[in-house]
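Here is the structure we will look at, set down as structure tokens.
The values are calculated or read from the model by the stated rules, or taken from the named source; none is laboratory data. Note that the coordinates shown come from a computational prediction; the quantities given were computed from them, not determined experimentally. Cβ sites come from the backbone with ideal geometry, for glycine too, and all protein chains shown count toward neighbours. Calculation scope for accessible area: heavy atoms of the full protein, side chains included, ligands and nucleic acids excluded. Shrake-Rupley method; radii C 1.70, N 1.55, O 1.52, S 1.80 Å.
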Amino acid sequence: MPHNRLILLADDSADDRFLLRRTFTKAGVLNPIREITSGSDVIAYLNGAGAYEDRASDPFPSILLLALHMRGVHGFGVLDWIRKEIPSRGLLVVVLSRLDEVKNVNRAYSLGANSFLTKPGTEAELEGLIGSFRDYWLLRNRPPEHKGSKSVQ
């Protein structure tokens, strides 16, 4: 399993972040995880701005787990910014939402999301979701290669 691929977890719910971290650990996902709690901080992190300008300590992520409903810039605002500012960086964007309304799913994909997952209601469902995420996105999916590197880190 490619353990070096940084996961950026963007969710303003401390409870959801805790459950996701714990479930990643239970599923054997050893990738480094950075947590961000607002859409504006996600943009700053991805842009390498402000508190996140040192790429040695805050490297560009391979995967962004993005909650739609966050304070500050909404998840759709983050997706729109990503599409306009960093469309070719090879960032995998997985949207997480409690609501799987068709309009939200369609809008997320139209703004460039790679996947849309509904946050499950039980711990067992969350474990199944994270297991599927691990198996597909971390074990089977191959990220794009960029000139001068073997994969996006």
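When both residues are 6+ apart or on different chains and their Cβ atoms are under 6 Å apart, which pairs have a first residue that lies in the stretch 39-59 and is farther than 20 Å from Val73 by Cα, and a second that is surrounded by 14 or more Cβ atoms within 10 Å (Cβ to Cβ) and among the polar types (S, T, N, Q)?
Partner pairs satisfying both residue conditions: none exist.
Against the condition basic (Lys, Arg), under 15 Å from the mean Cα position of the chain (by Cα) and assigned to a helix (DSSP H, G or I), how does Arg134 come out, does it pass?
yes
Would you be able to tell me the number of residues in the stretch 30-42 that are in contact with a helix residue (DSSP H, G or I) (Cβ under 7 Å, 6 or more places away or on another chain) and buried (at least 20 other Cβ atoms within 10 Å of the Cβ)?
3
Regarding the stretch 56-69, can at least one residue be identified that is farther than 26 Å from Phe18 by Cα and either crowded, with 16+ Cβ neighbours inside 10 Å or touching a strand residue (DSSP E or B) at 6+ places or on another chain (Cβ under 7 Å) (or both)?
No, the stretch 56-69 has no match at all.
Considering only the stretch 19-29, I want to know if a residue exists there that is closer than 24 Å to Arg140 by Cα, surrounded by fewer than 16 Cβ atoms within 10 Å (Cβ to Cβ) and in contact with a His (Cβ under 8 Å, 6 or more places away or on another chain).
no
Give the residue that is nearest to Ile36 (Cα to Cα), with candidates limited to residues of the stretch 90-131 that are of a type in the set (Val, Ile, Thr), in contact with a Phe, Trp or Tyr (Cβ under 7 Å, 6 or more places away or on another chain) and part of a helix (DSSP H, G or I).
Among those that are of a type in the set (Val, Ile, Thr), in contact with a Phe, Trp or Tyr (Cβ under 7 Å, 6 or more places away or on another chain) and part of a helix (DSSP H, G or I), it is Ile130.
Of Asp80, Asp58, Asp15, Asp41, which residue is charged (D, E, K, R) and within 23 Å of Glu125 (Cα to Cα)?
Asp15
Listed here are the residues, each with its yes/no results for (1) in a helix (DSSP H, G or I); (2) closer than 14 Å to Ile7 by Cβ; (3) at pLDDT below 95; (4) out of contact with any Cys (no Cβ under 6 Å at 6 or more places or on another chain).
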position	(1), (2), (3), (4)
Asp41	yes, no, no, yes
Leu64	no, yes, no, yes
Val73	no, no, yes, yes
Phe76	yes, no, no, yes
Ser88	no, no, yes, yes
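Sort out which residues of the stretch 73-122 are touching a residue at least 12 places away in the same chain (Cβ under 8 Å), within 19 Å of Ala49 (Cβ to Cβ) and open to solvent by 80 Å² or more (accessible area, probe 1.4 Å), and write them in order of number.
Arg83, Glu85, Pro87, Arg89
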